[in-house]
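The values are calculated or read from the model by the stated rules, or taken from the named source; none is laboratory data. On a predicted model such as this, the values are computed, not experimentally measured, just so you know. Calculation scope for accessible area: heavy atoms of the full protein, side chains included, ligands and nucleic acids excluded. Shrake-Rupley method; radii C 1.70, N 1.55, O 1.52, S 1.80 Å.
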Amino acid sequence: MDTATLMAFAVFVIIMTGTPGPGNLAFLAIGASSGYRTAFPVIIASQIGSLPLNLAVAYGLGHIMAQGGIIVSVFKALSLTYMAFLAWRIISLTIRPKGEATLLTFWEGLLIHPLSPKTWAMSLVAFSTFFAGNGLDLHANAAILATGFLLGGMVFHSLWALVGVSILALIGEGRLMRSITVAMALTMLAATVWALML
């Protein structure tokens, strides 16, 4: 892979992992409702969950997903179900009294990327655009793809969570904060629905 292609892939990763999607919006909401300490283990889990997805795309599952069919239909149903569940979990952190709501777990975080249509789309586009015929073997391409998105995800999920923490520090807890967190959770769900319709 030449330097220009690698730099183009890096810019793509920054844009894709830095812009709103189910993951970033979820971590914004978690940071706003519960703080960065709550968000961090879920961020780590989400990145661990992204590894098999990106490796699967590199090793051929992406080609199967791109063809559509029953596998994609099942994925869409699972994705929408999980993102609705995640939105409810985030909302419950806000509307229930402190100490009564269960914080998001590491295991729940593992599924954020494998069931995110944005993550699948950006991995498929990246692999077909930057890694087809670049002269490297399949294992090297898989490693670069997975590492690039892992680094981007760690940085930008953390930044989105910290923006949520800043919102909480700025306006404090209360009705406005609850309304903002609920709106973010619903926006995350709407982004998923929109992505699944494409």
Computed over the chain: relative contact order in percent, which uses C-alpha pairs under 8 Å that are six or more apart: 47 percent
Residue of L138, L162, L78 that the Gaussian network model of the chain assigns the largest fluctuation, springs spanning Cα pairs under 10 Å: L138
Protein accessible area in the chain, 1.4 Å probe - carbon and sulfur %: 74 percent
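Report the Rg/Rh value for the stretch 131-198, based on alpha-carbon coordinates and the Kirkwood definition of Rh. Numbers along the way, then the final one.
Values: Rg = 18.3 Å, Rh = 15.2 Å.
Ratio of gyration radius to Kirkwood radius for the stretch 131-198: 1.20.
Kyte-Doolittle mean at least 1.6 and Cα extent at least 30 Å along the axis: which DSSP H helices of the chain qualify?
Working: long enough: 36-58 (33 Å, 1.07); 70-95 (37 Å, 1.72); 138-171 (49 Å, 1.77); 175-197 (33 Å, 1.39).
Long hydrophobic helices here: 70-95, 138-171.
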Long-range tail of P(r) for the stretch 24-94 (Cα pairs > 17 Å, %): 57 percent
Coarse-grained scattering of the stretch 72-198 at q = 0.17, 0.19 Å⁻¹, given as base-10 log I(q)/I(0) from a Debye sum over alpha-carbon atoms: -1.02, -1.19
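Report the gain in length on full extension from T81 to A121: 0.36 nm times residue separation, minus Cα-Cα distance, nm rounded to one decimal.
Working: separation 40, 0.36 × 40 = 14.40 nm, distance 1.84 nm.
Full-extension gain reported as 12.6 nm.
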Surface per residue (accessible, 1.4 Å probe) for the stretch 28-152, Å²: 46 Å²
For the chain, calculated [θ]222 nm from helices alone, where every DSSP H run of n ≥ 4 adds -39500 (n - 2.57): -27500 deg cm²/dmol
Diffusion coefficient, µm² s⁻¹, Stokes-Einstein with Kirkwood Rh over alpha-carbon pairs of the stretch 1-159 at 25 °C and 0.890 mPa s: 150 µm²/s
